[in-house]
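Just below is one structure, and these are the notes that go with it.
The values are calculated or read from the model by the stated rules, or taken from the named source; none is laboratory data. Remember, predicted model here, so these are calculated numbers, not experimental data. With ideal geometry, Cβ positions are generated from the backbone for all residues, glycine too; neighbour counts draw on all protein chains shown. Remember, those area values only see protein heavy atoms, side chains included, never the ligands or the DNA or RNA. Shrake-Rupley method; radii C 1.70, N 1.55, O 1.52, S 1.80 Å.
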Amino acid sequence: MNDFIFAAAFYGLAGMTILSAAGVVFLKDIVHSALMLALSFIGVAGLYVLLNADFLAAVQILVYGGAVAILIAFGVMLTRRRNMKESNPNNRWVIYASFVSAAFFAICGWALIGTDFKPVGQQVNPEAAVEGLASLLLGDYVVAFESAAVLLLVALVGAIILAKGAKEA
Amino acid sequence: MNDSNIFMLISSFLRSLLSPLLGNDATDLSIYVVGLVGVIIVVFTNAVILVLMERKVAGFMQSRLGPNRVGPWGILQTVADTLKLLSKEDYQPREVDKWVWALAPALLFIPALGAYAVIPFDNQAVPVDLNIGIFYFIALSSLSTLPFLMAGWGSNNKYSMLGGMRAVAQMISYEIPLIFSILGVIMLVGSLQMSSIVEAQSKVWFVLLQPVAFVIYVIAATAETNRTPFDLVECEGEIVAGPFTEYSGMRWSMFFLAEYANLFAVSAIATTLFLGGWQPLPLPGALGDILQFIPGWIWFAAKTYFMIFVFMWFRWTFPRFRMDQLMSFGWKVLLPLSLANILITGVGIYFYRVMIGG
């Protein structure tokens, strides 16, 4: 019974993720593409839940799902076209891009095949739970964590200066 | 604290009834279904009650009676309104982005309903007592921006579009102080689980330890639910109800259902985080013992409705912000204040630990 529900949930979520990811690429309206991207992120979050990594799932929804709204706001503002039905078109780069993405896919597949996956138990892996993550991030890897934070701050300040000019900001 | 309450009695009764018939797995599943149906009933009846309450409170604030014709004291007014909305024509404007427009009101309801999964209604009566409880609530509520933008964009109307853009700007800027104010409480508890947040307040409610966080939470929650003085998303006077302009009948009322579901949810979260959840007033002596006899869900409902009343009070006494005032208030006042609150809480916890010799 439980195995059946698990399998059904996995295939449902995996199908949703892949189909909506395909929708991002193939839909012609860029707003529709962005909404499909949100659906795809939510599907990935569901897969995390199935792996007992619920903190990661919540982060996935908060950071990626929530950010799609901003993406749409910029997508709408920066791609002013008369006809929204052709705002996400293909162009001559499509052939080169297919080679790049095939190479990327091959590397991902190679890494997946090479990895030795261990089955997850019923218990939450302590390193995926909040406490384990916190002690890793703010203990062992605190320097990397803080420097990433400083990097983000620099990017933020840089964006403001680029937009408003150094004197005004 | 008494260990059995009405929810546990119902649950154990259903279990004893179902488990011989269905076996353990199916019984677990059906208990979840019962919980889900219970939550949906709570959401819908609450929306009906809250619409009436809003109009009555509005009348009270403005020295008039409010609805008083349908039924005694106007009680059946919302029922009549619901019937009217149900029987209205389902009108769809010609040039809308069909799927996006039609899905927006339905999708808006999902985060609103999902938030109820972690609300602790009573002792051990949390629909799903997740390990990451409050963080789940934060993550879900971040999704509620998207349907507003979908409605604004899909309507193909410049006023709706403005409303949708305002929704993004407002809800994202006020989400940050909201989360930071919750962080102060989480630091005190040391857990994200809803039941342990309530347990931690058995001696003293966090509204006394975190008064600044409470005020920030209430302000940011008002903005998150798009209520006056932060209802720039709807703003009838200047952008004709914003994202709702092109909706009518049941689709339109879905927006209101979601708004009142959200209002109840943020009030329930305020109750859980700052007002001790289902726990009675922590008074010493005989009075405290008497208060213990009132069931937890009554305490929870009373505190939640008090918070809802406070939100309604805001709505009918404050004038609306201007858009630039709204943004600068969020980023220049609430954000530094909530960061300072986190810093002071951390220092306070450190000194408390030093004092007790930890």
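A few notes on this one:
- Surface burial for A against B, with a 1.4 Å probe and both sides summed, reaches about 2000 Å² of accessible area.
- Chain B: DSSP helices with Cα axial extent of at least 27 Å and average Kyte-Doolittle hydropathy no lower than -1.0: B:24-61, B:158-189, B:249-274, B:296-317, B:335-355
- Averaged over peptide B:144-151, the number of partner chain Cβ atoms lying within 10 Å of each residue's Cβ comes to 4.
- For the protein assembly as shown, the Kirkwood radius over C-alpha pairs fed into Stokes-Einstein at 10 °C and 1.306 mPa s yields D = 62 µm² per second.
- Annotation: residue B:320 carries an accessible surface of approximately 90 Å², with a 1.4 Å probe and no ligand, DNA or RNA atoms counted.
- Across peptide A:64-74, the mean count of Cβ atoms from other chains lying within 10 Å of each residue's own Cβ comes to 6.
- For residue B:332, the lysines whose Cα falls under 30 Å of its own Cα, not counting residues fewer than eight places away in the same chain, are A:164, A:167, B:158.
- Accessible surface, per residue, of chain B when the full set of protein chains is kept, probe 1.4 Å, Å²: 47
- Per residue, the convex hull around the alpha carbon atoms of the stretch B:166-207 comes to 76 Å³.
- Exposed loop sites here are GluC sites (Glu not before Pro) assigned a DSSP state other than H, G, I, E or B and surrounded by at most 11 other beta carbons within 10 Å; excluding them, the longest clear run of chain A is A:1-126.
- Equivalent ellipsoid, the stretch A:2-91 (semi-axes from 5 times Cα gyration tensor eigenvalues, Å): 30, 15, 6
- Think of a 1.4 Å ball rolled over the protein heavy atoms: chain A then has 74 Å² of accessible area per residue.
- Protein accessible area in the protein assembly as shown, 1.4 Å probe - carbon and sulfur %: 71
- GNM top mover of B:25, B:129, B:81 - chain B, alpha-carbon springs below 10 Å: B:25
- P(r) of chain B over all Cα-Cα pairs, binned every 10 Å from zero, in whole percent: 5, 21, 31, 26, 13, 4, 0, 0
- Occluded residues from the stretch A:45-61, i.e. those whose accessible area drops by 30 Å² or more once the chain is not alone (1.4 Å probe): A:54, A:55, A:58, A:61
- The relative contact order of the stretch B:98-355 comes to 25 percent, based on Cα pairs under 8 Å that sit 6 or more residues apart.
- Computed over chain B with a Gaussian network model linking Cα atoms closer than 10 Å, the most mobile of B:220, B:151, B:139 is B:139.
- Longest segment of chain B lacking GluC sites (Glu not before Pro) that sit in a DSSP loop with at most 14 other Cβ atoms within 10 Å: B:96-358
- Trypsin sites (Lys or Arg not before Pro) within the stretch B:121-219: DSSP coil, no more than 12 neighbouring Cβ in 10 Å: B:203
- Computed with a 1.4 Å probe on the full set of protein chains, the accessible area for residue A:28 sits at about 90 Å².
- Under the span-like rule (Cα at least 27 Å along the axis, Kyte-Doolittle mean at least 1.0), DSSP H helices of chain A: A:2-26, A:30-50, A:94-114, A:142-164
- Dipole magnitude for the stretch B:94-210: about 360 debye, using +1 per Lys or Arg Cβ and -1 per Asp or Glu Cβ, origin at the Cα centre.
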